[in-house]
Amino acid sequence: MIATLTGLAIAFLLDICLGDPPNYAHPVVAMGSLIRFFTAKFNTGSDRCRFWSGTLLIISGVLLFSLPFIFLQWYMAAAPVWVQSIIMGIFLKVTFSFRRLLTVANQIRTEINKPDLIEARRLTAWHLVSRDTSQLSRGHIISAVIESLSENITDSLLAPLLFFAVGGLPLAWAYRFVNTADAMIGYRNEEFEFFGKTAARLDDALNWIPARIAGLLLVVSARLTGLNAGNAYNTMKDQHTQTASPNAGWTMSAAAGALGVILEKHGNYRLSGGSSLPVELDIHRSIRLVSTAMVLSLFLCGGIILAIQSLS
């Protein structure tokens, strides 16, 4: 138990202090390479073939990236607690990333007040969203930033930590592979409708509980940071179904309500926590909001670890 709790704390500190490892050493890059290889080789043929090929990809990837940690945990059981803590902290850290999102949000905040929005649009498209940003207004760029920050509370932070708290490194890494696959092939278009279906549906299922917990954490964070917690809860309760994703709407609508703004993606959703699009100051307010939720996530997962250990 001590090693697990300490490993959680080490992973959190590594993210805050150091951020992500370079791409050549990042396992998510290896996951992406595997997914691209499978896609190039097997995303062909009939719809049925594509579906089963995509399913095989998910099964293979989950086994490949989780089984080594089952064996690692067995071997680590005899090691000193401090060794277990460091190893768990390092390998847990690479399953989540939040410092990078905060850094990008601050970079865009710097660019957003310039008369020329070219760099703000480029940063938003490169780091945060898949939509076309070339014609986005200042308000819609800021909206995209806040949407990304709030949505990623779930899959870039809370979900991998929750799976670690429940099942250790194997579950955290299995989750990260599924989530990475969903980000790459989980689209409802001609190319990936069938090949990415298993990734998309499994990712929805895995994030079902974390997304709802994350939404509630944002409501609590709104109270702690002096934002409108009541509006955050009511907006989340009434508008979480407006997004195509069954999970993303919970945190984005909570953030819209907490900040008292509209978060909008043209042609997809409009989450009305207020009467106008956000302004530059709202990026700073949203960073405070999600940073508080990040700390609450750490304590929540630590509490779950303690509860599970006390029952075992």
Kindly indicate the residue of the stretch 71-80 that is surrounded by fewer than 14 Cβ atoms within 10 Å (Cβ to Cβ) and of a type in the set (A, V, I, L, M) and also nearest to Leu18 (Cα to Cα) among those meeting that condition. Ala79
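Yes/no matrix, rows are residues, columns are (1) modelled with pLDDT under 95; (2) under 13 Å from the mean Cα position of the chain (by Cα):
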site	(1), (2)
Ser156	yes, yes
Asn179	no, yes
Pro210	no, yes
Leu227	no, no
Does the stretch 112-120 contain any residue that is acidic (Asp, Glu), surrounded by fewer than 19 Cβ atoms within 10 Å (Cβ to Cβ), out of contact with any strand residue (DSSP E or B) (no Cβ under 8 Å at 6 or more places or on another chain) and without any contact (Cβ under 8 Å) to a residue 40 or more places away in the chain? yes
Please determine whether any residue of the stretch 74-93 is of a type in the set (Ser, Thr, Tyr), modelled with pLDDT of 95 or more and within 22 Å of Lys197 (Cβ to Cβ). no
Report those helices (runs of 4 or more DSSP H) wholly inside the stretch 213-312 carrying at least 2 residues which are out of contact with any His (no Cβ under 9 Å at 6 or more places or on another chain), polar (S, T, N, Q) and surrounded by fewer than 24 Cβ atoms within 10 Å (Cβ to Cβ). 229-239, 280-311
Got a number for residues in the stretch 110-147 being acidic (Asp, Glu) and part of a loop (DSSP other than H, G, I, E, B)? 2
Taking the condition of being surrounded by 14 or more Cβ atoms within 10 Å (Cβ to Cβ) and either more than 13 Å from Thr4 (Cβ to Cβ) or more than 23 Å from the chain's Cα centre (by Cα) (or both), how many residues in the stretch 82-97 meet it? 9
Answer residue from the stretch 172-192, given it is surrounded by fewer than 20 Cβ atoms within 10 Å (Cβ to Cβ) and not small (Gly, Ala, Ser) and is nearest to Gly89 (Cα to Cα) among those: Met184
Residue identified as touching a Pro at 6+ places or on another chain (Cβ under 7 Å) and either under 23 Å from Phe98 (Cβ atoms) or touching a residue at least 60 places away in the same chain (Cβ under 8 Å) (or both) among Ala159, Ala214, Ala174, Ala181: Ala159
Residue check: is Asp204 modelled with pLDDT of 95 or more, touching a Leu at 6+ places or on another chain (Cβ under 8 Å) and among the charged types (D, E, K, R)? no
Restricting the search to the stretch 193-205, which residues are surrounded by fewer than 23 Cβ atoms within 10 Å (Cβ to Cβ) and either assigned to a helix (DSSP H, G or I) or of a type in the set (S, T, N, Q) (or both)? Lys197, Ala200, Arg201, Leu202, Asp204, Ala205
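The values are calculated or read from the model by the stated rules, or taken from the named source; none is laboratory data. Quick caveat: nothing in here was measured; it's all calculated off a predicted structure. Virtual Cβ from ideal backbone geometry, glycine too; neighbours counted across all protein chains shown.
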